[in-house]
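The values are calculated or read from the model by the stated rules, or taken from the named source; none is laboratory data. Only a predicted model underlies this, so the values are computations on that prediction, with no experimental measurement involved. FYI the Cβ positions are ideal-geometry reconstructions off the backbone, even for glycines, and counts take in every protein chain you see. Just the protein is used for accessible areas: all its heavy atoms, side chains included, with ligands, DNA and RNA removed. Shrake-Rupley method; radii C 1.70, N 1.55, O 1.52, S 1.80 Å.
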Amino acid sequence: MPVEQANELIGKMKGKKIFVKGNHDKIYDTNLFDEVCDFKTISLNGVYLALMHYPMLLWTKKNNGSIQLHGHIHSDEMYNMENKIVGIRKYDASVAANGFYPVSVKQSIEFFEGT
């Protein structure tokens, strides 16, 4: 998708937009976002989330039930399942790892329920 189309689409999106930059994200209009950062932590319904483009070995509150959401590695669907099986709450939120569909924060939290 050309940059102009992407910026137009981003401009039409509703809600608070936080841009967690990746290694190829140097061309978007940052004025379209409420916040631009390399790393972000948020809490949703009592679940702490660490957001970064790149996967990390360690993240804030890793040993206290937090979840790391990342992209970058272009993994397949097995990556998330393998992390879950061994008890690592790290989730590749890229479309490549999710059947080429976007995944919501709620879906990623539900993925780890019971672990």
*If you go through segment 102-114 one residue at a time, do you hit one that is within 28 Å of GLN5 (Cβ to Cβ) and in contact with a Pro (Cβ under 9 Å, 6 or more places away or on another chain)?*
no
_Subset of segment 51-74 (residues that are assigned to a strand (DSSP E or B) and either touching a residue at least 60 places away in the same chain (Cβ under 8 Å) or in contact with a helix residue (DSSP H, G or I) (Cβ under 8 Å, 6 or more places away or on another chain) (or both))_ = ILE67, GLN68, LEU69
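Going through segment 86-97 one residue at a time, which ones are surrounded by fewer than 18 Cβ atoms within 10 Å (Cβ to Cβ) and part of a loop (DSSP other than H, G, I, E, B)?
Scanning segment 86-97 gives VAL86, GLY87, ILE88.
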*Here are THR60, THR41: which of them is farther than 19 Å from PRO102 by Cα, modelled with pLDDT of 95 or more and open to solvent by less than 70 Å² (accessible area, probe 1.4 Å)?*
THR41
*Could you please tell me which pairs satisfy a Cβ distance under 8 Å, a separation of 6+ or placement on different chains, a first residue in segment 17-44 that is under 17 Å from VAL105 (Cβ atoms) and in a loop (DSSP other than H, G, I, E, B), and a second residue that is open to solvent by 40 Å² or more (accessible area, probe 1.4 Å) and basic (Lys, Arg)?*
ASP34/LYS16
